[in-house]
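Colleague: Before I ask anything, let me first share the structure, which is written out below as structure tokens.
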Amino acid sequence: MVVLLWAVVWSITGPECLPGGNLFGIIILFYCAIIGGKLLGLIKLPTLPPLPPLLGMLLAGFLIRNIPVISDNIQIKHKWSSALRSIALAVILVRAGLGLDSNEGGYGVEKGVPTLLMAAGSFDDILAITGFNTCLGMAFSTGSTVFNVLKGVLEVVVGMATGLLLGFFIQYFPSSDQDKLVWKRAFLVLGLSVLAVFSSMYFGFPGAGGLCTLVLAFLAGKGWASAKADVEKVIAVAWFIFQPLLFGLIGAEVSITALRPETVGLCVATLGTAVVIRILATYLMVCFAGFNFKEKIFISFAWLPKATVQAAIGSVALDTARSHGEKQLEGYGMDVLTVAFLAILITAPIGSLLIGLLGPRLLQKAEHQNKDEEDQGETSIQV
């Protein structure tokens, strides 16, 4: 199948699918990322949970970029790389929006710790992406600071308003009596989300697209009620395709020769400080939410791993700097990318191990929980 895919693309594009060509690089990176994820999943340490496959995808891209002979033959244009990461971001936000649940009752597991973490994580995505785009706009703007702050607020308003409009639209269109309804709904929510992300960048409101996607996906899921589970399965297939591309591409952006020891040290120190503050703030936030001490500790450490949003927006600053053609700004963009890369490399495996180890020890298993609810709870904790 791998050879057939390459042969079909080569018959259409010619040199683009030969070594050094853009499509050749994307195809090889895609399969190497998948293989890297599978190989990392085979590493099983006694008494420890498995490492996340995304780490193998990240390392696969990193190795492709930094092995001399391979890096010379696997080249991906920056514009294509940026576009693929933006599509992956849209898929991430759709999954986050559909995963939000406005009801906090009937969690499926006692006290609803997994549901709480997933819902809070979705809201965290909203704040992170909106705040990042606002700061990015201020960094690359030429107007006054007050104007840029107001523009950031305007992006939020425009994104929410557009998301509300599109969300209510796809609640009722297509109508529920049509054939292949699940596929039509999945196509609409994905298509509108990708359109929102790219068009917002085109019109100079990059933060609005992500927020619009979250709002429209949330409203769509709320209108579809129990039927949204089937749509989520289709979206999961899209994520299966774009996940290796996303993490492979972010790994391929990092070059060892471009990393300075002082920059890496500063990035690790910044990351460590942010993680400590995040853990302490999370503990304080749940102090009065009815959880016992063990549950508070678990929730605090469950917020440690970061990956998907960091991979999706980590290189945006570098892409923006490249479009402006300023070398100094490219250096700053590379610093932001380095922080994102190290955040995934450090927190993803450590956080996954901590969740797997602390979960059975700190969380109380519900006594009257059926098998389906138990499986759902375990899956939510792993996510």
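Colleague: At a 1.4 Å probe radius, carbon and sulfur cover how many percent of the accessible area of the chain? Intermediate values should be presented prior to the final figure.
Modeller: Numbers: 14200 of 20160 Å².
Heavy-atom surface of the chain belonging to carbon and sulfur, 1.4 Å probe: 70 percent.
Colleague: For every other residue with a beta carbon closer than 15 angstrom to the beta carbon of L58, add +1 if it is Lys or Arg and -1 if Asp or Glu, then tell me the sum.
Modeller: Net local charge, L58 excluded: +3.
Colleague: Enumerate the calculated ³J(HN,Hα) couplings along the stretch 337-343 in order (Karplus 6.51 cos²θ - 1.76 cosθ + 1.60, θ = phi - 60°), each rounded to whole Hz, writing x wherever the residue is Gly or Pro.
Modeller: Calculated HN-Hα couplings, in order: 4, 4, 4, 4, 4, 5, 4 Hz.
Colleague: Over the chain, average the accessible area per residue using a 1.4 Å probe and give it in Å², no decimals. Intermediate results must be reported in sequence, preceding the final value.
Modeller: On the way: 20160 Å² over 383 residues.
It amounts to 53 Å² per residue over the chain.
Colleague: Lys pairs in the stretch 177-314, Cα-Cα under 17 Å, at least 8 apart or on separate chains: how many?
Modeller: The number of close lysine pairs in the stretch 177-314 is 6.
Colleague: Further question on the same structure: Please compute the net charge surrounding Q75, taking Lys and Arg as +1 and Asp and Glu as -1 over other residues with Cβ under 15 Å from its Cβ.
Modeller: 0
Colleague: Using θ = phi - 60° and the Karplus relation 6.51 cos²θ - 1.76 cosθ + 1.60, list the HN-Hα couplings for the stretch 210-222 in order, rounded to whole Hz, with x at every Gly or Pro.
Modeller: Working through the residues one at a time gives x, 5, 4, 4, 4, 5, 5, 5, 5, 5, 4, x, 5 Hz.
Colleague: Distance from a point 7 Å along Cα→Cβ of L165 to each backbone N in the stretch 207-240: keep the residues under 14 Å and list them by number.
Modeller: Counting only backbone N, you get 209, 212-213, 216.
Colleague: As a check on your grasp of the helix formula, calculate [θ] at 222 nm for the chain: sum -39500 (n - 2.57) over DSSP H runs of n ≥ 4, divide by the residue count, round to the nearest 500. Please report the intermediate quantities before stating the final value.
Modeller: On the way: 16 runs with 295 residues, N = 383.
Taking each H run of at least 4 residues, the total per residue is -26000 deg cm²/dmol.
Colleague: What does the stretch 19-101 give for Rg and for Dmax, in Å, if only its C-alpha atoms count?
Modeller: Calculated on Cα positions, Rg and Dmax stand at 15.5, 49 Å.
Colleague: Under a 5 Å amide H to amide H cut-off, with H placed in plane at 1.01 Å, what residues pair with K306 once short-range neighbours are removed?
Modeller: Result for K306 returns T347, A348.
Colleague: If you don't mind, another one. Give me the log10 of I(q) over I(0) for the stretch 286-338 at q = 0.20, 0.23, 0.25, 0.29 Å⁻¹, as the Debye formula computes it from C-alpha points; what are the numbers?
Modeller: -0.69, -0.79, -0.87, -1.00
Colleague: Follow-up question, since we're still on this one. Summing Lys, Arg as +1 and Asp, Glu as -1, what charge do residues with Cβ under 9 Å from the Cβ of V182 carry, V182 excluded? Intermediate results must be reported in sequence, preceding the final value.
Modeller: Working: positive: K180, K184, R185, K233; negative: D230.
Surrounding charge for V182 is +3.
Colleague: Turning to a different aspect of this structure: Over all directions, how big on average is the projection of the convex hull of the alpha-carbon atoms in the stretch 248-347, in square nanometres?
Modeller: Over every viewing direction, the Cα hull of the stretch 248-347 projects on average to 7.4 nm².
Colleague: If you don't mind, another one. Pop a pseudo-label 7 angstrom from the Cα along the beta-carbon direction at both Y283 and A139 and give the gap in nm to one decimal.
Modeller: 3.1 nm
Colleague: Moving to a separate point now. Taking R0 as 35 Å, what's the FRET efficiency between A225 and I256 from their Cβ-Cβ distance, rounded to 0.05?
Modeller: FRET efficiency, A225 to I256: 0.10.
Colleague: Here is a further query. What's the longest bit of the chain with no exposed chymotrypsin sites (Phe, Trp or Tyr not before Pro), using DSSP loop states and at most 11 other Cβ atoms within 10 Å as the test?
Modeller: 1-202
The values are calculated or read from the model by the stated rules, or taken from the named source; none is laboratory data. Just so it is clear, the structure is predicted and the values come from calculations on it, not from any experiment. Heads up, the Cβs are rebuilt from the backbone with ideal geometry, glycines too, and the neighbour counts pull from every protein chain shown. These area figures cover heavy atoms from the full protein model, side chains too; ligands, DNA and RNA do not enter into them. Shrake-Rupley method; radii C 1.70, N 1.55, O 1.52, S 1.80 Å.
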